Amino acid sequence: MFFSTTAHAGILKGKIFDQEGDPSTVLFSFERTERTEGGKRIVEGKYFEVPGNTLALHEKLIYAQGATLFERYEYERAISNESAVVEIRDGKIHFSYNDNGKKEDNKEKLEENTINRDEIVPFIKRNWDKLMKGEKLKSRFVLPDRAETIGFGLRKRENVTEKGIAAVRVVMFALSPFVAAVAGDTFLTFETAGEHRLLKVEGRTPVLKRVGKAFKTLNGRIELLY
């Protein structure tokens, strides 16, 4: 489910490549699906290790019909025994995170423009003209495995050509210098014309890379399949 390409995409598939090792190696595949159930919009994302097709991460979001912000977010990273639930109610974001039996609860005031991964691309498209004029967007990004949000910015980086297609590159960056030093920037490449399809994402991914018996964060290249 990494980045919905539209506010109401049906099925979205993609591959995640290793940017820190062999960039031609596919480490994960993913699929985002969407359905209506009980008057709610249900979005699910599943990430699978390649090879082996082991489910590495499962995300589920529940939206009220017509809403652009989730009301409940469920997150399970099975390979490392982590899970989280994030709910928005009473003007606050409520976090519950479990890491191998160690639980952490937190809550924050709901700030304007708070979004999670699935909502980044629709947020960019709603503000496309501002970005193309060089304006910087600010928002809060939900991190379920840290039980908090972080401030981040978005800005147009440059015009590029991606596989023969005229495109534009947008950079997503943490507003905190400390977080920026740890996480680095994320780059999103969009088709310039038409509905501005997302073509590629480069940077920190939500999945973990196996290194022996341990896991480490993965800086990868995500390519969408249309």
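The values are calculated or read from the model by the stated rules, or taken from the named source; none is laboratory data. Quick caveat, the model's predicted, so the values are computed rather than measured. Every residue, glycine among them, receives a Cβ derived from its backbone with ideal geometry; neighbour counts consider all protein chains shown. We work out accessible area using only protein heavy atoms, side chains counted, and drop any ligands, DNA or RNA first. Shrake-Rupley method; radii C 1.70, N 1.55, O 1.52, S 1.80 Å.
Being touching a residue at least 12 places away in the same chain (Cβ under 8 Å) and closer than 23 Å to Ile16 by Cβ is a description that applies to Leu188.
Can you say whether Asp129 is open to solvent by less than 30 Å² (accessible area, probe 1.4 Å) and either of a type in the set (S, T, N, Q) or under 24 Å from Ala193 (Cα atoms) (or both), as far as the supplied structure shows? No, not satisfied. Sub-6 Å Cβ pairs linking a first residue in the range 36-60 that is more than 17 Å from Asp145 (Cα to Cα) to a second residue that is among the charged types (D, E, K, R) and part of a strand (DSSP E or B), at least 6 apart or interchain, are Ile42/Arg35; Val43/Glu34; Glu44/Lys60, ordered by first then second residue. Please determine whether any residue of the range 71-79 is touching a Pro at 6+ places or on another chain (Cβ under 6 Å) and assigned to a strand (DSSP E or B). Looking through the range 71-79, at least one residue is touching a Pro at 6+ places or on another chain (Cβ under 6 Å) and assigned to a strand (DSSP E or B). Evaluation of Val85 against the conditions (1) in a strand (DSSP E or B); (2) in contact with a Leu (Cβ under 8 Å, 6 or more places away or on another chain); (3) open to solvent by 30 Å² or more (accessible area, probe 1.4 Å) shows that the sole unmet condition is (2). Reported count of residues in the range 34-46, each being in a strand (DSSP E or B) and more than 26 Å from Asn113 (Cβ to Cβ), is 3. Considering only the range 38-59, I want to know if a residue exists there that is among the hydrophobic types (A, V, I, L, M, F, W, C), surrounded by fewer than 16 Cβ atoms within 10 Å (Cβ to Cβ) and under 18 Å from the mean Cα position of the chain (by Cα). Looking for residues that are among the hydrophobic types (A, V, I, L, M, F, W, C), surrounded by fewer than 16 Cβ atoms within 10 Å (Cβ to Cβ) and under 18 Å from the mean Cα position of the chain (by Cα), one finds at least one in the range 38-59, hence yes.
Checked against the criterion of being surrounded by 17 or more Cβ atoms within 10 Å (Cβ to Cβ) and closer than 27 Å to Arg77 by Cβ, the candidates Gly184, Gly220, Gly153 yield just one match: Gly220. Taken over the range 91-124, the criterion of being under 30 Å from Lys156 (Cβ atoms) and free of Cβ contacts under 8 Å to residues at least 60 places away in the same chain is satisfied by Ile93, Glu108, Lys109, Leu110, Glu111, Glu112, Asn113, Thr114, Ile115, Asn116, Phe123.
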